[in-house]
Amino acid sequence: MIRKFTTILVAQIFSFALVAQGSFEGTIPDWDKGSGEIFTGLMTPSIIGAIDGKGTFNIQLKADYLSEVQQQMEADNADDSREWKSSLMTLDEAYPCHEGTVEVTNGDQPFTSLSVMGFFMIANWEKKQKFGDMMPASSPEFVAAFRNLGSYTFKEGYSLDWYYVDEAGSVKGTCTLNSGTLSGAMYDRTVHYDLDLKKGWNLVKYEVEKVFSDTDGKTYIEKDHYTTIAEWPSGVEFVFIPE
């Protein structure tokens, strides 16, 4: 079952580029999981917000967030018992293009997103109980496809995330790659980048503009678009997927 959030925004989300720290909040209707925390992070989960017993949540946009992530990664990597190490990607590494023209400014700097692949985890830390994951997006159907990438049921729509950089930078241009489906059909996959990143937090919209359908009825991303946006889109939903 997928639940949708009724979103309530605090003033900071519309002016986050102008303030050192902000937050956003909302309420999950019919919430019955109890209170807990909102998490992000790969190796070691990091608390970035909280949810109460009525389903009202608040997520923080911390100042100097990138430094916190880097410090946590250094601590994780110092643990010799871990089988793999983590590191932040630079803009150049995250947005390479060999089949098109993409220009990156200040691309040698590391950056991070607030979510993990678009999702935030909700859990009760004290009880070690995971409730599920959520994603800010245009529809539950859009989220379900990214929750199960191997199903190839992609829909047109969008998701939102927050990128943090220490210096202004940009990624501009279009990249096209000839791709194939599981059934053997070929199509051109085109990605357009219009990222104008300012120092600190940046609201980023990822949109699937067109999907390609093969003879087996599976759908693939044909055209998608990354862009920075100035304000919260109307109609966005926080979609919750229970564990």
How much area per residue is accessible in the chain when the probe is 1.4 Å and only protein heavy atoms are counted (Å²)?
51 Å²
Diffing the stretch 225-230: the Karplus 3J(HN,Hα) column from phi (6.51, -1.76, 1.60, θ = phi - 60°), in whole Hz with x for Gly and Pro, holds 8, 9, 8, 7, 10, 8
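Under a Cβ-Cβ cut-off of 12 Å, what is the net charge of the residues other than TRP201 that fall near it, where Lys and Arg count +1 and Asp and Glu count -1?
Details: positive: LYS62, LYS198, LYS199; negative: ASP64, ASP161, ASP166.
Net charge around TRP201: 0.
What percentage of the solvent-accessible surface of the stretch 113-243, computed with a 1.4 Å probe over protein heavy atoms, is contributed by carbon and sulfur atoms? List each step's numbers first, then the result.
Working: 2930 of 5920 Å².
Roughly 49 percent of what the probe reaches on the stretch 113-243 is carbon or sulfur.
Send over the Kirkwood Rh of the stretch 106-243, from the inverse of the averaged 1/r over different Cα pairs, rounded to one decimal Å. Kindly include the intermediate steps, with their values, before the conclusion.
Numbers: mean 1/r = 0.0606 Å⁻¹.
It is 16.5 Å.
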HN-Hα couplings for the stretch 60-74 via Karplus (6.51, -1.76, 1.60; θ = phi - 60°), in whole Hz with x for Gly/Pro, come out as 8, 10, 6, 6, 6, 5, 4, 5, 4, 5, 5, 5, 5, 5, 4
THR228: net charge of surrounding residues, Cβ under 14 Å, Lys/Arg +1, Asp/Glu -1, itself excluded?
-1
Gyration tensor (alpha-carbon) shape descriptor, the stretch 60-145, a/c threshold 1.5:
oblate
Between GLU37 and residues 5 or more places away or on another chain, the pairs with built amide H atoms under 5 Å apart involve ILE51, ALA123, ASN124, TRP125
Skipping prolines and chain starts, which residues have an amide H placed within reach, meaning under 5 Å, of the one on THR153, given they are 5 or more residues away or on another chain?
THR219
Farthest towards the positive end of the dipole of the chain, among HIS192, MET117, SER170 and with Cβ unit charges of +1 on Lys and Arg and -1 on Asp and Glu, lies the Cα of MET117
Under 5 Å from the placed amide H of ARG189, counting only residues 5+ away or on other chains, we find LEU177, ASN178, SER179
Could you run the Karplus curve 6.51 cos²θ - 1.76 cosθ + 1.60 with θ = phi - 60° over the stretch 96-110 and give me ³J(HN,Hα) per residue in whole Hz, x for Gly and Pro?
x, 8, 10, 10, x, 10, 10, 9, 10, 9, 6, x, 8, 8, x
Over all directions, how big on average is the projection of the convex hull of the alpha-carbon atoms in the chain, in square nanometres?
14.1 nm²
Size of electric dipole in the stretch 56-123: Cβ of Lys, Arg +1 and of Asp, Glu -1, about Cα centre, debye, nearest 20
300 debye
Value of [θ]222 nm, deg cm²/dmol, for the chain, DSSP H segments ≥ 4, -39500 (n - 2.57) each, nearest 500:
-3000 deg cm²/dmol
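The values are calculated or read from the model by the stated rules, or taken from the named source; none is laboratory data. Because the structure is a prediction, the values reported are computed rather than measured. Methodologically, a virtual Cβ is constructed for each residue, glycine included, from the backbone with ideal geometry; neighbour enumeration extends over all protein chains shown. Side chains included, ligands, DNA and RNA excluded: accessible areas come from the protein's heavy atoms. Shrake-Rupley method; radii C 1.70, N 1.55, O 1.52, S 1.80 Å.
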